[in-house]
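Reviewing the structure listed below.
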Amino acid sequence: MRIDKLLANLGYGSRKEVKQLLKSGAVKVDDQLVKDAKQHVDPNTQMVILNGEVIEYKEFIYLMMNKPQGVISATEDHSDETVIDLLELEDQVYEPFPVGRLDKDTEGLLLITNDGQLAHRLLSPKKHVPKTYFAVIDREVTEEDVNAFAEGVTLDDGYKTKPGELKILKSGIRSDIELTITEGKFHQVKRMFEAVGKRVVYLQRISMGPLKLDETLELGEYRELTDEEVELLKNYQVK
């Protein structure tokens, strides 16, 4: 990779600003001064030093966000704040994107990465990656609903969902539930409950495949995935 592209990708300025850095003698590769912006480096095997500090290069970034309400799962939008707007600039330079989408008023686990191959694997309808949600339902949820979801319910457009695993955590005038589904139709959880005459009043995603929401993350906060979490995602096979 060209040294100017590498430094620009890592957020050390525009190509023009990076060229100035190089001209000023601020950059060394393997202890050799580099001033030519076109010089190629291999960041995986060579040591790049800027102003005396070794630069850590990574090709991919993997972030877990606890998405708040009111923010949309997109890379850009003309009217609404996006999950990418919540990232620090040093993370935005990797041009990451949300893996799948959570509705604007839905909270919880959102994976953000620039690893297109991993994203495709997690989102592919053929893979049936399970996603689990916690929800508050405005009505009593019954064993009848559990059985209906296990069979698959027919949505308002006539589509019959794949079976979902519904667990009742608390049943009453308002019920707390967990629902695991393996597909991601538009507003699917809300529409599944509408199909049995009930309404979702709060929705939070708590897991996606092997990845579980870090409960120490406040709404709007995010962190990098651990190496172990990345490996879990890359090696994940649906049983």
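The values are calculated or read from the model by the stated rules, or taken from the named source; none is laboratory data. What you see is a predicted model; the values in this text were computed from it and never measured. Note: ideal-geometry Cβ built from the backbone for every residue, glycine included; neighbour counts use all protein chains shown. Accessible surface is based on the protein model in full, side chains and every heavy atom, while ligands, DNA and RNA are left aside. Shrake-Rupley method; radii C 1.70, N 1.55, O 1.52, S 1.80 Å.
Observations on the structure shown:
- Residue (of 169, 236, 195) at the positive-pole extreme of the range 123-239, dipole from beta-carbon charges: 195
- Pairwise label distance in nanometres, residue 180 with residue 236, each label 7 Å out on the Cα-Cβ vector: 1.2
- Simple spin-label estimate for residue 218 and residue 15 gives 4.0 nm between the two label positions (7 Å along the Cα-to-Cβ direction from each Cα).
- Within the range 10-39: backbone nitrogen closer than 16 Å to the residue 89 label point (7 Å, Cα to C-beta): 10-19, 21
- Scalar couplings 3J(HN,Hα) for the range 120-132, obtained by applying the Karplus form with A = 6.51, B = -1.76, C = 1.60 to θ = phi - 60°, are 4, 5, 6, 9, 4, x, 6, 7, 6, 5, x, 10, 10 Hz; x denotes Gly and Pro.
- Cα Rg, Dmax (largest Cα-Cα span) when computed across the chain, Å: 22.5, 72
- In the range 13-91, GluC sites (Glu not before Pro) in a DSSP loop with at most 10 other beta-carbon atoms within 10 Å: 56, 76, 88
- Farthest towards the positive end of the charge dipole of the chain, among the residues 124, 82, 184, is the Cα of 124, using unit charges on the Cβ of Lys, Arg, Asp and Glu.
- Converting phi to 3J(HN,Hα) with the Karplus coefficients 6.51, -1.76 and 1.60 and the offset θ = phi - 60°, the range 223-228 yields 8, 6, 5, 6, 4, 5 Hz in sequence order, with x at every glycine or proline.
- For residue 69 and residue 228, the FRET efficiency from 1/(1 + (r/R0)^6), where r spans their Cβ atoms and R0 equals 22 Å, is about 0.15.
- Ellipticity estimate at 222 nm from DSSP helix runs (n ≥ 4, -39,500 (n - 2.57)) divided over the chain, nearest 500: -6000 deg cm²/dmol
- Calculated from backbone phi, Karplus (6.51, -1.76, 1.60) coupling profile of the range 57-68 in Hz, x at Gly/Pro: 9, 9, 6, 10, 10, 10, 10, 10, 10, 8, 5, x
- When 40, 128, 78 are compared by accessible area of protein heavy atoms, the largest-first order is 78, 40, 128, using a 1.4 Å probe.
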